[in-house]
Amino acid sequence: ALQSPPRIRELLPTSRRAGQSWRYTLSTPDSAWTGSSFDDSDWNAGRGGFGTAGTPGTRIGTTWDSSDIWMRATFDLGPALPAEPYLLVHHDEDAEIYLNGVPAAQLTGYLSGYAALPLSAAARAALHPGRNSIAVHAHNSRGGQYIDAGIIDVIAR
């Protein structure tokens, strides 16, 4: 018998369909910037994705045309932990992603579309019911640029 495809639940939506709210800065932040208790209230507010027009496969909500951007958002998992959480990321160029202050992924190069990437074991363990935080640093050295991230849960078939 054919297996039915897995169901996907968005825990933190990307900006593929509609620009999501992020706090961001273009200036190197305090070293505690990845932590869930970091106060980003003086950072800019913007809609994802962040990048430059003409970068393939992108939906620009906020122009980002400098070499570096730091972004933060919060999301609510509700009472239950995800079964199989993945990052859903589109990056051009290098990016590092943290969940609740714990490194979740270190990405180099670029993607021309969104890809589901596994979380590090430590980042999976750092997720907890209720409010969580994601922190993203992206660096671009040449050509087009873009960063957007979300989290999905792959629910058993």
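Farthest towards the positive end of the charge dipole of the chain, among the residues A95, A83, P6, is the Cα of P6, using unit charges on the Cβ of Lys, Arg, Asp and Glu.
Highest GNM mean-square fluctuation among N132, N140, N44, for the chain modelled with Cα contacts below 10 Å: N44.
In order along the stretch 27-34, the phi-based Karplus estimate (6.51 cos²θ - 1.76 cosθ + 1.60, θ = phi - 60°) of 3J(HN,Hα) comes to 9, 3, x, 3, 4, 8, 4, 7 Hz; Gly and Pro are listed as x. What separates the Cα centres of the stretch 45-60 and the stretch 115-157 is a distance of 17 Å. With contacts taken as Cα pairs under 8 Å and at least 6 residues apart, the chain reaches a relative contact order of 34 percent.
Surface analysis of the chain yields an accessible area of 50 Å² per residue, using protein heavy atoms and a 1.4 Å probe.
For S21 and T108, the difference between the fully extended length at 0.36 nm per residue and the C-alpha to C-alpha distance is 28.9 nm. Dipole size of the chain about its Cα centre, with +1 on Lys/Arg Cβ and -1 on Asp/Glu Cβ: approximately 620 debye, rounded to the nearest 20. Here the chain has 50 percent of its accessible surface on carbon and sulfur atoms, given a 1.4 Å probe and all protein chains in place. Principal semi-axes of the equivalent ellipsoid, √(5λ) from the alpha carbon gyration tensor of the chain, are 24, 20, 13 Å from largest down.
The values are calculated or read from the model by the stated rules, or taken from the named source; none is laboratory data. Only a predicted model underlies this, so the values are computations on that prediction, with no experimental measurement involved. Positions of Cβ are generated from backbone atoms using ideal geometry, with glycine treated the same way; all protein chains shown enter the neighbour counts. In case anyone asks, the SASA skips ligands and DNA or RNA and just uses the protein heavy atoms, side chains included. Shrake-Rupley method; radii C 1.70, N 1.55, O 1.52, S 1.80 Å.
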